[in-house]
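See structure below.
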């Protein structure tokens with residue numbers, strides 16, 4: 001689906017340079033501009049009318065060329081009074097125009113506040129829709145906007161978004177179901193092939209060396225395929241599923257358990273492990289199976305893609321007095337990596353060339369599964385290439401101090417192990 005950029009306000013907004021800023025600011029500027037233009041037009045009309053009345057008041061009738069002295073004095077008095085009246089009229093007109101201009105300026109300032117308030121009221125449904133849509137996108141796709149009210153343009157937009165969310169939910173459910181079913185169905189022939197190999201090797205009589213070698217290679221490939229299917233299943237369920245085994249877990253203990261469980265692999269590669277800092281207060285809330293899988297994958301990645309005789313550094317820290325965040329940092333030695341390509345390692349089946357293939361046992365899903373589990377637990381995953389070679393992975397999760405039981409992430413599912 002292709003999303004086009006939102007259309008900007010055209011017409012007066014473009015001519016008056018109101019393209020930038022929020023919609024509320026643009027609407028307020030338009031309201032004020034229209035009010036100022038209409039007020040200025042009314043003021044100009046009032047000025048024209050006032051000037052016309054002043055000129056008409058100054059026009060005196062012609063009393064004739066020859067008039068008696070009494071009439072001439074009376075006419076002079078009349079002209080004098082008319083001049084005074086015209087002056088008073090001009091003064092009043094100027095005062096009215098000046099007062100109108102001041103009133104227009106005051107009302108322009110007031111219209112800014114009124115326009116801001118009115119624009120906020122008009123755009124309030126859109127803000128509610130934006131907030132709700134952002135929450136739905138981040139947490140639970142099954143929710144809907146469900147905007148009530150009359151059938152206007154806003155409700156039509158909300159109904160359209162609800163329909164889109166429904167189609168997205170159906171697509172994700174279909175994808176998750178397909179991956180789960182495919183992973184389950186493919187395990188049956190793998191099991192059959194593995195059993196056939198065992199039967200072939202268990203037949204009486206000596207087994208040819210080439211047959212035994214081929215059987216070992218096929219079993220290794222079958223194990224690799226089984227790990228790949230399990231990784232795909234976990235990845236699909238983590239990205240679009242839910243979990244119910246939420247509990248409080250010590251992140252440091254999970255890291256130490258992962259290291260001790262891989263002591264043979266660490267020794268076989270001549271690696272040195274340094275536990276720089278393990279905070280006992282570093283507790284997190286989440287799925288026990290998923291978080292253990294994430295920590296195991298980070299340790300496996302540090303072992304598989306390391307130099308022989310290299311180092312692995314592990315640190316678990318609790319941030320803040322209230323343990324608001326808990327971070328697991330796993331550093332490994334190795335070749336110098338390109339930071340611009342390191343971020344791609346969280347994508348499925350992404351490797352940094354042959355130097356990241358290790359022994360060939362990796363499925364290319366390790367860090368992508370860690371990224372999906374981290375996102376499901378509302379955390380962050382940061383990958384950094386070390387200047388002297390190797391990779392630094394920081395897994396940050398919301399922490400808990402152990403005195404309260406926070407709400408589990410808004411999700412619910414069993415995880416195949």
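The values are calculated or read from the model by the stated rules, or taken from the named source; none is laboratory data. Since we're looking at a predicted model, the values are computed, not measured. No Cβ is skipped: glycine too gets one built from the backbone with ideal geometry, and neighbour counts run over all protein chains shown.
Do we have residue 316 as within 23 Å of residue 373 (Cα to Cα), modelled with pLDDT under 85 and within 32 Å of the chain's Cα centre (by Cα) here? Taking the combined requirement at face value, the residue does not satisfy it. Residues that are over 17 Å from residue 30 (Cα atoms), touching a residue at least 12 places away in the same chain (Cβ under 8 Å) and touching a helix residue (DSSP H, G or I) at 6+ places or on another chain (Cβ under 8 Å) occur in the range 112-125; there is at least one.
Has the range 225-247 got any residue that is more than 30 Å from the chain's Cα centre (by Cα), modelled with pLDDT of 85 or more and surrounded by 15 or more Cβ atoms within 10 Å (Cβ to Cβ)? Checking the range 225-247: not a single residue is more than 30 Å from the chain's Cα centre (by Cα), modelled with pLDDT of 85 or more and surrounded by 15 or more Cβ atoms within 10 Å (Cβ to Cβ).
At pLDDT 80 or above, under 18 Å from the mean Cα position of the chain (by Cα) and either in a helix (DSSP H, G or I) or under 30 Å from residue 48 (Cβ atoms) (or both), is that true of residue 107? So residue 107 does not fit the description; no.
Evaluate the range 87-102: report whether one residue or more is at pLDDT 85 or above and either assigned to a helix (DSSP H, G or I) or within 30 Å of residue 229 (Cα to Cα) (or both). There is at least one residue in the range 87-102 that is at pLDDT 85 or above and either assigned to a helix (DSSP H, G or I) or within 30 Å of residue 229 (Cα to Cα) (or both). The single residue among 104, 165, 157 that is surrounded by 15 or more Cβ atoms within 10 Å (Cβ to Cβ) and in contact (Cβ under 8 Å) with a residue 40 or more places away in the chain turns out to be 104.
Contact annotation: residue pairs with Cβ atoms under 7 Å, 6 or more positions apart or on different chains, pairing a residue in the range 331-348 that is surrounded by fewer than 19 Cβ atoms within 10 Å (Cβ to Cβ) with a partner that is in a loop (DSSP other than H, G, I, E, B) and at pLDDT below 85, are 341/352; 344/350; 348/364; 348/365. Here residue 388 passes the criteria (1) closer than 29 Å to residue 140 by Cβ; (2) assigned to a loop (DSSP other than H, G, I, E, B); (3) at pLDDT 85 or above except the one numbered (1).
Can you work out which of the residues in the range 185-197 that are free of Cβ contacts under 8 Å to residues at least 12 places away in the same chain and surrounded by 11 or more Cβ atoms within 10 Å (Cβ to Cβ) is nearest to residue 146 (Cα to Cα)?
189
Residue 145 fulfils the conditions (1) in a helix (DSSP H, G or I); (2) free of Cβ contacts under 8 Å to residues at least 24 places away in the same chain except for a single criterion, (1).
Conditions tested, residue by residue: (1) under 26 Å from the mean Cα position of the chain (by Cα); (2) in a strand (DSSP E or B); (3) modelled with pLDDT under 70.
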| residue | (1), (2), (3) |
| --- | --- |
| 327 | yes, yes, no |
| 342 | yes, no, no |
| 345 | yes, no, no |
| 348 | yes, no, no |
| 355 | no, no, yes |
| 361 | no, no, yes |
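Taking helices (runs of 4 or more DSSP H) as the structural unit, those lying wholly within the range 186-289 and holding at least 1 residues that are under 30 Å from residue 400 (Cβ atoms), in contact with a strand residue (DSSP E or B) (Cβ under 8 Å, 6 or more places away or on another chain) and not assigned by TED's automatic domain parsing to the domain that holds residue 174 correspond to 251-261. Taken across the range 291-305, residues that are assigned to a loop (DSSP other than H, G, I, E, B) and touching a helix residue (DSSP H, G or I) at 6+ places or on another chain (Cβ under 7 Å) do occur, with at least one present.
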